[in-house]
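**Student:** Submitted below is the structure of interest, expressed as structure tokens.
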Amino acid sequence: MSTENNKALVAEFFAHFKRKDVQKALDMMSDDATWWIGGKPELFPMCGLKSKAEMGAILNELVPGTEDGLAITPSGMIAEGNKVACEAESYGVLGNGRVYNNEYHFLVELRDGKITAVKEYLDTMHTADVLKG
């Protein structure tokens, strides 16, 4: 796939969260895909390396409970080879009324039109604060 196609695939992947369609996002990932979230797992269990199934469980707990989905809006993407670097901002109102509005840098790796790895850098303190209540 071209780098432009890879960027379009990444944008489509994130768009599924606004539609609360976690399964369609997961379907865009290879069976052996991984998702790494920056931070210390011993301080915040959501962090660290997760399998597709583990990340699916986290996303299915978070995204469907939002009022209008979790918008993840890319503000810039750079692609080279099979990798796409994406800066993005999220916005979603959780079922408890708390606003989740985070900033990210994602590094997404692709193979044969599927996402094989996601590395997510974000404000884990904001995430922990919003999700605790």
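The values are calculated or read from the model by the stated rules, or taken from the named source; none is laboratory data. Bear in mind the structure is a predicted one, so any value in this text is a computation, not a measurement. As a convention, Cβ positions derive from the backbone with ideal geometry for all residues, glycine included, and neighbour counts pool all protein chains shown. These accessible areas exclude ligands, DNA and RNA; they are computed on the full protein's heavy atoms, side chains included. Shrake-Rupley method; radii C 1.70, N 1.55, O 1.52, S 1.80 Å.
**Student:** For region 88-133, which residues satisfy the criterion of being of a type in the set (Ser, Thr, Tyr), assigned to a strand (DSSP E or B) and open to solvent by less than 40 Å² (accessible area, probe 1.4 Å)?
**Tutor:** Listed by number, the residues that qualify are 90, 100, 104, 116.
**Student:** Can you give me the number of residues within region 1-50 that are assigned to a helix (DSSP H, G or I), open to solvent by 50 Å² or more (accessible area, probe 1.4 Å), more than 16 Å from residue 83 (Cβ to Cβ) and free of Cβ contacts under 8 Å to residues at least 40 places away in the same chain?
**Tutor:** 4
**Student:** Look through 56, 65, 76 and report the one residue that is open to solvent by less than 80 Å² (accessible area, probe 1.4 Å) and either touching a His at 6+ places or on another chain (Cβ under 6 Å) or closer than 21 Å to residue 125 by Cα (or both).
**Tutor:** 65 is the lone residue from the list that is open to solvent by less than 80 Å² (accessible area, probe 1.4 Å) and either touching a His at 6+ places or on another chain (Cβ under 6 Å) or closer than 21 Å to residue 125 by Cα (or both).
**Student:** Filter region 61-78 for residues that are at pLDDT 95 or above, closer than 17 Å to residue 15 by Cα and outside any loop (DSSP other than H, G, I, E, B) and give the result.
**Tutor:** 71, 72, 73, 74, 75, 76, 77, listed by residue number.
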